[in-house]
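Chemist: Here it is, the structure, as structure tokens.
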Protein chains: 6
Amino acid sequence: MKTVYPGTFDPITNGHLDVIRRGVRLFGSLTVAVADSSRKNPLFSADERLRMVKASVRGMRGVRVKKFDSLLVDFLRKEKANVVLRGLRETSDFPSEFQQAVTNRLLGKDIETVFVMTSPDNFYVTSSLVKEIASLGGDVSDFVPKPVTRKMRSIFR
Amino acid sequence: MKTVYPGTFDPITNGHLDVIRRGVRLFGSLTVAVADSSRKNPLFSADERLRMVKASVRGMRGVRVKKFDSLLVDFLRKEKANVVLRGLRETSDFPSEFQQAVTNRLLGKDIETVFVMTSPDNFYVTSSLVKEIASLGGDVSDFVPKPVTRKMRSIFR
Amino acid sequence: MKTVYPGTFDPITNGHLDVIRRGVRLFGSLTVAVADSSRKNPLFSADERLRMVKASVRGMRGVRVKKFDSLLVDFLRKEKANVVLRGLRETSDFPSEFQQAVTNRLLGKDIETVFVMTSPDNFYVTSSLVKEIASLGGDVSDFVPKPVTRKMRSIFR
Amino acid sequence: MKTVYPGTFDPITNGHLDVIRRGVRLFGSLTVAVADSSRKNPLFSADERLRMVKASVRGMRGVRVKKFDSLLVDFLRKEKANVVLRGLRETSDFPSEFQQAVTNRLLGKDIETVFVMTSPDNFYVTSSLVKEIASLGGDVSDFVPKPVTRKMRSIFR
Amino acid sequence: MKTVYPGTFDPITNGHLDVIRRGVRLFGSLTVAVADSSRKNPLFSADERLRMVKASVRGMRGVRVKKFDSLLVDFLRKEKANVVLRGLRETSDFPSEFQQAVTNRLLGKDIETVFVMTSPDNFYVTSSLVKEIASLGGDVSDFVPKPVTRKMRSIFR
Amino acid sequence: MKTVYPGTFDPITNGHLDVIRRGVRLFGSLTVAVADSSRKNPLFSADERLRMVKASVRGMRGVRVKKFDSLLVDFLRKEKANVVLRGLRETSDFPSEFQQAVTNRLLGKDIETVFVMTSPDNFYVTSSLVKEIASLGGDVSDFVPKPVTRKMRSIFR
């Protein structure tokens, strides 16, 4: 069984990295799937997000990174994967995670969504928070991997 | 007492149809009220949404369909209606439904909001989900009435 | 279609009365069904609760009061009723109401649960609250019908 | 210890005023801090919002009003304040308030966020609601201070 | 890495069985751990619950069943397991599941809690519901494995 | 204005101590009010709980400890206090805190409830958790003040 960890990663945070590490420990390997999500108006282009994820997982064994712009279930079929990994944070919108998982099961009967908790340090770290802090001149180096810190500084000066 | 089932219906789903059927069974007849909602940037124009609702309820007894672009309470007064019907889905944002119902009561003292549950098959069907799936090339025919399936195919190829 | 408003009513509060009034306005008549609930360790016996409900709705047209000690769905069948009325308070445990409604539908396919909101004055009035206040010597006359105030005073001095 | 009550105030409502009054009673004085929030696409410019807040608190002792366009923690440092006041409404998104408070503590160790409840009359009043009602031609004078009513009428005719 | 699926199982339901099947598919094998929980006043003794679980998983490969009366983390250490499996139902008390998972991590640093969703048929099935229905003379054979149906009939006649 | 921090404290935890410290910093002084709560079947008697609180706050300036067995509003009147302090944890039952605060305001018009957040270390520490861990032979010294650790050891061996 192959595992996919999908997301927009706009940008990847320490919380996402934490989920990736837990996924690798549980399942041996996994594919991080960067959703194109252009309809969501992300701050970074899909290619920028892909590059930041790749730079952030450099050296981690068992982690591959791919981009996709289809339904998640179609990407899973193409990858012959049937486990979806998701992280839960204390303040995460549990109902919305649940709805997504149900939807994926409706569209692909054999898809199993597996949730893990991030570490407490990352319960309150979100991509939105990181973008808000950076845009107001704050320091985000405690919340994101180094490659993201650099990229955000280059944007927000 | 006349009953109104208001919504944006962007587009109407099987869940909405299910609520309409329950409303008719409970109250004998009802008016589906399609909100203009142009400030919400709907995918379909108010007239397109009105036409899809009308095509979807064709043949159902006791159902009328109207468009409105005022406050709901003003539409209710014009229609001499004082019951508002709303559907609750398991993952529905209950607080937001509650706030709307309280608001309607603040603005129109004698307005009663009545909630019914959709059938379990429709707990996870939302207009947003349908639009997301269709925009990524997925099949939505399990989630929406036939006239909507046709319309969405014509848009998303 | 006949309507039943079930509950433990330990004791009946102004919030319950408010729901009864709304139900009568919507459906013309209804049966208040006092659940035996002896496994829940109610403060009042089923007969005391029945008497307090009856005294509280005295003079209201279209309201009958009965006791039941079976599954709600079996009571509904016996009464040839298929609409269950429930009140929603802002702080009500929505998930638990939802679970009960789903359960009733699982056990009786044609049962429709209809939710109405209490008036804002009653959003925070619960039987538990009333019992707690009374047991600590507080005045509950703002929260319960007169027959209940008298009964509670006789118990807690 | 100095207290700051931050917000977008787009526009200020009776609920906000209620929180300000409670804050003054608790802490003697406070600074209302109007966030620039231009990235949130507010209806009113920061200066218009500042003027409406100032007009609404005219005559209240101990209340100062300022505008800020930095991180809240940086504004607090500049003001030598370390208490953040926030209002909780029944339907407020508690998780999002909590996340903001945690974030402020992450970014500024000694910052204390203090929550008070608005009065029940204001549990359901939000800036979004006020804008929606006004945009549909409704009367908002029950929900906002007089200077805001006037301003909104001038906009929505 | 060994996996443990802990619970009180008072009694085991089809929802629990569904989680067990998903766990075996994900992890190859797992140990169902029946908590003594005598402080919670279960309906069935720990031995009765153990026997019902064993009878219900008979023939499933990779499933072992054990009883434990210590802290879960101590049981995990004894079993050399470090993955805890839990099922999430739509109406499950997510905060309480989250708190338990955090607690287990506090008490045992290397313990990973993994959540899976039950199938929609089981979103509303709980041990409490099953006991309530059976105690009122209802039929629970749709909600629990055969050995439990028999046992409950023998108790409630 | 005098401040009261009420609770059952069965037993007092590090989270409670954290709230007390924050309250003293905000308001200069406060009274910890140990509710008799004998109807809730606490593990410790009111006097044991009072003694543990007193031992735990020894040496803290501005903190008084009292026992009360009336309605909280009556205790506040007797103490001439009108501010109630409460701590919010991420997983705390916000609706129940809100209901209590509304109730206190219903019963005593001028009572203001003020909420502060505990430190993240204490988001998941509750009296119930502490009792559960201790009863199963676990070590609770990370979660409660020293006097409580000693007391719990003496009880659970």
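Chemist: Restricting the search to the stretch F:141-157, which residues are in a helix (DSSP H, G or I) and either under 20 Å from F:Asp18 (Cβ atoms) or open to solvent by 90 Å² or more (accessible area, probe 1.4 Å) (or both)? Walk me through it before giving the result.
Modeler: Quick first cut of the stretch F:141-157, residues in a helix (DSSP H, G or I) only: F:146-156.
Passing the criteria: F:Lys146, F:Pro147, F:Val148, F:Thr149, F:Arg150, F:Lys151, F:Met152, F:Arg153.
Chemist: Next up: From (1) part of a helix (DSSP H, G or I); (2) over 15 Å from B:Val116 (Cα atoms); (3) touching a helix residue (DSSP H, G or I) at 6+ places or on another chain (Cβ under 7 Å); (4) within 11 Å of chain B (Cβ to nearest Cβ), pick out the condition that doesn't hold for C:Leu106.
Modeler: So C:Leu106 meets the others, but not (3).
Chemist: Going by what's in this entry, would A:Ser141 be described as of a type in the set (S, T, N, Q) and over 17 Å from the mean Cα position of the chain (by Cα)?
Modeler: Values: of a type in the set (S, T, N, Q): yes; over 17 Å from the mean Cα position of the chain (by Cα): yes.
Against the criterion (of a type in the set (S, T, N, Q) and over 17 Å from the mean Cα position of the chain (by Cα)), A:Ser141 qualifies.
Chemist: In the stretch E:105-140, what residues are touching a residue at least 40 places away in the same chain (Cβ under 8 Å) and either open to solvent by 30 Å² or more (accessible area, probe 1.4 Å) or among the polar types (S, T, N, Q) (or both)?
Modeler: E:Thr118, E:Ser119, E:Asp121, E:Asn122, E:Thr126, E:Ser127, E:Lys131 - these are the residues of the stretch E:105-140 that are touching a residue at least 40 places away in the same chain (Cβ under 8 Å) and either open to solvent by 30 Å² or more (accessible area, probe 1.4 Å) or among the polar types (S, T, N, Q) (or both).
Chemist: While we're looking at this one, here's another question. Name, by its number, the condition in (1) touching a Lys or Arg at 6+ places or on another chain (Cβ under 6 Å); (2) at pLDDT 90 or above that does not hold for F:Ser154.
Modeler: F:Ser154 satisfies every listed condition except (1).
Chemist: Look at the stretch E:3-45 and say how many of its residues are of a type in the set (A, V, I, L, M) and open to solvent by 10 Å² or more (accessible area, probe 1.4 Å).
Modeler: Result for the stretch E:3-45: 5.
Chemist: What do you reckon, is B:Leu72 within 14 Å of chain D (Cβ to nearest Cβ), over 18 Å from B:Ser29 (Cβ atoms) and open to solvent by 20 Å² or more (accessible area, probe 1.4 Å)?
Modeler: yes
Chemist: Of all residues in the stretch F:76-88, how many are in contact with a Lys or Arg (Cβ under 9 Å, 6 or more places away or on another chain) and in a strand (DSSP E or B)? Write out each step before concluding.
Modeler: The first filter runs over the stretch F:76-88 and keeps only residues in contact with a Lys or Arg (Cβ under 9 Å, 6 or more places away or on another chain), leaving F:76, F:79-83, F:85, F:87.
Next, from what is left, pick out any that are in a strand (DSSP E or B): F:83, F:85, F:87.
Number of matching residues: 3.
Chemist: Moving on to the next point. Considering the stretch D:5-46 alone, what residues qualify as being within 14 Å of chain F (Cβ to nearest Cβ), touching a Phe, Trp or Tyr at 6+ places or on another chain (Cβ under 8 Å) and of a type in the set (Val, Ile, Thr)?
Modeler: Across the stretch D:5-46, the qualifying residues are D:Val19, D:Ile20.
Chemist: Looking at B:Ala101, is it assigned to a helix (DSSP H, G or I), of a type in the set (Gly, Ala, Ser) and facing chain C (nearest Cβ under 9 Å)? Walk me through how you get there before you give the answer.
Modeler: Values: assigned to a helix (DSSP H, G or I): yes; of a type in the set (Gly, Ala, Ser): yes; facing chain C (nearest Cβ under 9 Å): yes.
Yes.
Chemist: How about the stretch A:7-18: which of its residues are of a type outside the set (Val, Ile, Thr) and in contact with a Lys or Arg (Cβ under 8 Å, 6 or more places away or on another chain)?
Modeler: Hits for the stretch A:7-18 are A:Phe9, A:Asp10, A:Pro11, A:Gly15.
Chemist: Are there strands (runs of 3 or more DSSP E) fully within the stretch C:1-75 with at least 2 residues that are touching a residue at least 60 places away in the same chain (Cβ under 8 Å)? List them.
Modeler: C:3-7
Chemist: Of the residues D:Thr91, D:Thr113, which single one is assigned to a strand (DSSP E or B), out of contact with any Leu (no Cβ under 7 Å at 6 or more places or on another chain) and either among the polar types (S, T, N, Q) or within 9 Å of chain F (Cβ to nearest Cβ) (or both)?
Modeler: Among D:Thr91, D:Thr113, only D:Thr113 is assigned to a strand (DSSP E or B), out of contact with any Leu (no Cβ under 7 Å at 6 or more places or on another chain) and either among the polar types (S, T, N, Q) or within 9 Å of chain F (Cβ to nearest Cβ) (or both).
Chemist: Separate question: Determine whether B:Arg49 is more than 14 Å from chain C (Cβ to nearest Cβ), surrounded by 21 or more Cβ atoms within 10 Å (Cβ to Cβ) and touching a strand residue (DSSP E or B) at 6+ places or on another chain (Cβ under 6 Å).
Modeler: It is true that B:Arg49 is more than 14 Å from chain C (Cβ to nearest Cβ), surrounded by 21 or more Cβ atoms within 10 Å (Cβ to Cβ) and touching a strand residue (DSSP E or B) at 6+ places or on another chain (Cβ under 6 Å).
Chemist: Just to verify a result, which residue in the stretch F:78-100, among those that are among the charged types (D, E, K, R), surrounded by 16 or more Cβ atoms within 10 Å (Cβ to Cβ) and modelled with pLDDT of 95 or more, is nearest to the chain's Cα centre (by Cα)?
Modeler: F:Arg86
Chemist: If you don't mind, there's one more thing I want to ask. Pairs, please: C-beta under 7 Å, at least 6 apart or cross-chain, first residue closer than 16 Å to F:Asp93 by Cα and in the stretch E:89-104, second assigned to a helix (DSSP H, G or I) and open to solvent by 20 Å² or more (accessible area, probe 1.4 Å)?
Modeler: Correct list of pairs: E:Thr91/C:Pro95; E:Thr91/C:Gln99.
Chemist: If a residue has to be over 14 Å from the mean Cα position of the chain (by Cα) and assigned to a helix (DSSP H, G or I) to count, how many in the stretch C:116-129 make the cut?
Modeler: 3
Chemist: On the basis of being away from chain A (no Cβ under 11 Å) and within 15 Å of the chain's Cα centre (by Cα), does E:Lys66 make the cut? Please lay out each step first, then the result.
Modeler: Values: away from chain A (no Cβ under 11 Å): yes; within 15 Å of the chain's Cα centre (by Cα): yes.
Yes; evaluated as a whole, the condition is true for this residue.
Chemist: Going by the conditions given, is B:Gly87 touching a helix residue (DSSP H, G or I) at 6+ places or on another chain (Cβ under 8 Å) and either aromatic (Phe, Trp, Tyr) or more than 20 Å from B:Arg21 (Cα to Cα) (or both)?
Modeler: Working: touching a helix residue (DSSP H, G or I) at 6+ places or on another chain (Cβ under 8 Å): yes; either aromatic (Phe, Trp, Tyr) or more than 20 Å from B:Arg21 (Cα to Cα) (or both): no.
Judged against the criteria, B:Gly87 is not a match.
The values are calculated or read from the model by the stated rules, or taken from the named source; none is laboratory data. Keep in mind it's a predicted model, so treat the numbers as computed, not measured. Every residue, glycine as well, gets a Cβ built from its backbone with ideal geometry; the counts of neighbours run over all protein chains shown. Note: accessible area is taken over every heavy atom of the protein model, side chains too, but ligands, DNA and RNA are not part of it. Shrake-Rupley method; radii C 1.70, N 1.55, O 1.52, S 1.80 Å.
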